[in-house]
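One structure is given below, encoded as structure tokens.
The values are calculated or read from the model by the stated rules, or taken from the named source; none is laboratory data. Everything numeric here is computed off the predicted structure, so don't read it as measured data. Don't worry about glycine lacking a Cβ; one is built from the backbone with ideal geometry, like all the others, and counts go over all protein chains shown.
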């Protein structure tokens, strides 16, 4: 069987990841907020998931059942949460694998209840409200209240654990105090009808950490589902100017090998058509330039614009499926075939790289 000799490699610094988890945990704990550590951004890599449990996350979540199932086999005891609303076809597996799931469809709730009865389990559900981001959730809040009452009174193998909301992932809606208060208002309407307090009011994801930092998170919000804000800690400081001191943005690094170094024209020569992905690209003519090819491409990380090259003076020009092209004309280091170039990453590239079988994962 072929065994990859070395590169490309994804270097995962588990101590930096653990520090990020603990920093977010501490900031949230001070305001009475628990964390569901979302591991979909690192494809549920077991050594990463273990850091969440060891740091004391109340829940571990993913949008993919195939990422959650191996966690129990690895000995992880934290409650598992499905953070994408389930497909009807996977109801049985959601109940088998997960302790909690986020839900917005009555038929799926009924299917979960039926499967929980067959499996002799109690499955805990969080009903999702759509407060304007227009992804998952009940838009009609009267309907949401009635469904909550139905779950509480009629679906005996489901436990109504709480309510949740998503903001900022599709519709770019900000997690303002007013927006999150809408969820609290819905929760309190449900509590009045069912005659008890809900266990969970889940006020969104990484974007809601802004409210934790500012100290203006509505007081009844008691759980956030955090992925990027732990794995990368990039979006809040770079996009919104919010920062939790001591967070690392380089817990994940890519190393790739140089496979060709030559001086070539900077503009393609001939009639321009479309690239391998059907895009028409604009190229800048800078004359003859020294270029390096790397043995990694879009199949491995997605968008080359999401790579942050750590090689001084080098610039990512673009990529095809299996090659990445650097301009190294102004690089002080005399790069040669066989040399290694390192990259910092963004969230999307971490998702791709951790999914790629072509990438060796190295834990330090």
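Every test in (1) under 24 Å from residue 344 (Cβ atoms); (2) part of a loop (DSSP other than H, G, I, E, B) is passed by residue 274 save one, and that test is (1).
Across the range 320-338, the number of residues qualifying as over 16 Å from residue 264 (Cβ atoms) and under 31 Å from the mean Cα position of the chain (by Cα) comes to 2. Of all residues in the range 72-85, which are without any contact (Cβ under 8 Å) to a residue 60 or more places away in the chain and either closer than 13 Å to residue 38 by Cβ or more than 17 Å from the chain's Cα centre (by Cα) (or both)? Listed by number, the residues that qualify are 72, 73, 74, 75, 76, 77, 78, 79, 80, 82, 84. When residue 364 is tested against (1) within 27 Å of residue 12 (Cα to Cα); (2) touching a strand residue (DSSP E or B) at 6+ places or on another chain (Cβ under 8 Å); (3) surrounded by 13 or more Cβ atoms within 10 Å (Cβ to Cβ), only condition (3) is not met.
In summary, residue 74 fulfils each of the numbered conditions (1) out of contact with any helix residue (DSSP H, G or I) (no Cβ under 6 Å at 6 or more places or on another chain); (2) assigned by TED's automatic domain parsing to the domain that holds residue 228; (3) more than 15 Å from residue 205 (Cβ to Cβ) with the single exception of condition (1).
Give the number of residues within the range 233-247 that are crowded, with 17+ Cβ neighbours inside 10 Å and either within 19 Å of residue 348 (Cβ to Cβ) or touching a residue at least 60 places away in the same chain (Cβ under 8 Å) (or both). Number of matching residues: 6. Quick check, is residue 249 outside any helix (DSSP H, G or I) and at pLDDT 95 or above? The answer is yes for residue 249. The set of residues in the range 26-57 being assigned to a loop (DSSP other than H, G, I, E, B) and either under 14 Å from the mean Cα position of the chain (by Cα) or surrounded by fewer than 19 Cβ atoms within 10 Å (Cβ to Cβ) (or both) consists of 30, 31, 32, 39, 43, 44, 45, 56.
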